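Visitor: There's a structure below that I have some questions on.
The values are calculated or read from the model by the stated rules, or taken from the named source; none is laboratory data. A quick note: this is a predicted structure, and the numbers were derived from the prediction, not measured. Note that we place each Cβ from the backbone using ideal geometry, even for glycine, and neighbour counts take in every protein chain shown.
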């Protein structure tokens, strides 16, 4: 047996050279694996600070498809379809470009610019206005599913107060990462209503931050934001905000995605450990090797749970 085969066998199979326990399962090897994952994450997060851009998603999301899906959901819920507004489309584009140029991911910009400013900038005199934001989704369906799963976003999508919609998909650098923003604006022009209908402000939802696992600390984050509903001048503002929710991307062109690359490394590491554990357990059982403190089945179950979480982890956020 050549040297390479002996070394590989030493790391992957129980034998006399590793005290009948695969070297990869020794505490020292597991510590090195954990250290590798931590260093990988540190490097990945430090690259944007050093001026190196991390490329995320270049998504193929036609704005018309977002509009079609919105009207489809409204039809399913017995709500009148929205008509496309060129003014709202332009306002959505301006909002997306403003987020990229000012490097923020929120309804309200760091300089205090409110969402409805973009409505008035394009001359849209609104009675009701709403905003749904999504980030790093690579297909329209995943973004729509995320919005529909959020009470605040769903309210904007299905609200009978709105008569028009405008959608823009803007790509660019946000926080050192190339990303795709979806801005969906809803509105009813002031001339379209004759009486003011009071609206109850939705309570902001509490941000839910998943507890990162050692192998799955890597969420970039696609993100999305809940809508903003506000009547026109003279009427009270109503704002609906919702914290980011993670979602998975579908069809996309990936160059270097923090989420996918980290998840790939984590999945590969977990699968490797699972395979070695299974082989180790089989060999130990067949050879009747007695171990003190061996918990092979428990370890396999634990890693299996981690693998399941990694596989169903979703990327994408809404706001």
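Visitor: Residue 75: part of a helix (DSSP H, G or I) and more than 22 Å from residue 171 (Cβ to Cβ), yes or no?
Guide: Judged against the criteria, residue 75 is a match.
Visitor: Being on the phi < 0 side of the Ramachandran plot and out of contact with any strand residue (DSSP E or B) (no Cβ under 7 Å at 6 or more places or on another chain) is the filter here; which residues of the stretch 118-136 pass it?
Guide: Answer for the stretch 118-136, where residues must be on the phi < 0 side of the Ramachandran plot and out of contact with any strand residue (DSSP E or B) (no Cβ under 7 Å at 6 or more places or on another chain): 118, 120, 121, 122.
Visitor: Further, regarding this structure: Looking at 301, 266, can you tell me which residue is out of contact with any helix residue (DSSP H, G or I) (no Cβ under 6 Å at 6 or more places or on another chain) and at pLDDT 75 or above?
Guide: Result: 301 is the single residue among 301, 266 that is out of contact with any helix residue (DSSP H, G or I) (no Cβ under 6 Å at 6 or more places or on another chain) and at pLDDT 75 or above.
Visitor: I'm checking my understanding of the structure. Among residues of the stretch 276-288 that are in contact with a helix residue (DSSP H, G or I) (Cβ under 8 Å, 6 or more places away or on another chain) and without any contact (Cβ under 8 Å) to a residue 60 or more places away in the chain, which one is surrounded by the fewest Cβ atoms within 10 Å (Cβ to Cβ)?
Guide: Ranking the qualifying residues of the stretch 276-288, first place goes to 278.
Visitor: I'm trying to understand the selection: among the residues of the stretch 23-71, which are surrounded by fewer than 16 Cβ atoms within 10 Å (Cβ to Cβ), closer than 30 Å to residue 84 by Cα and modelled with pLDDT under 85?
Guide: Result: 58, 60.
Visitor: What are the pairs, 6+ residues apart or on separate chains, where a residue within the stretch 92-114 that is closer than 11 Å to residue 172 by Cβ and in the same structural domain as residue 132 (by the TED database) has its Cβ under 6 Å from a residue that is modelled with pLDDT of 95 or more and buried (at least 19 other Cβ atoms within 10 Å of the Cβ)?
Guide: 96/168; 96/183
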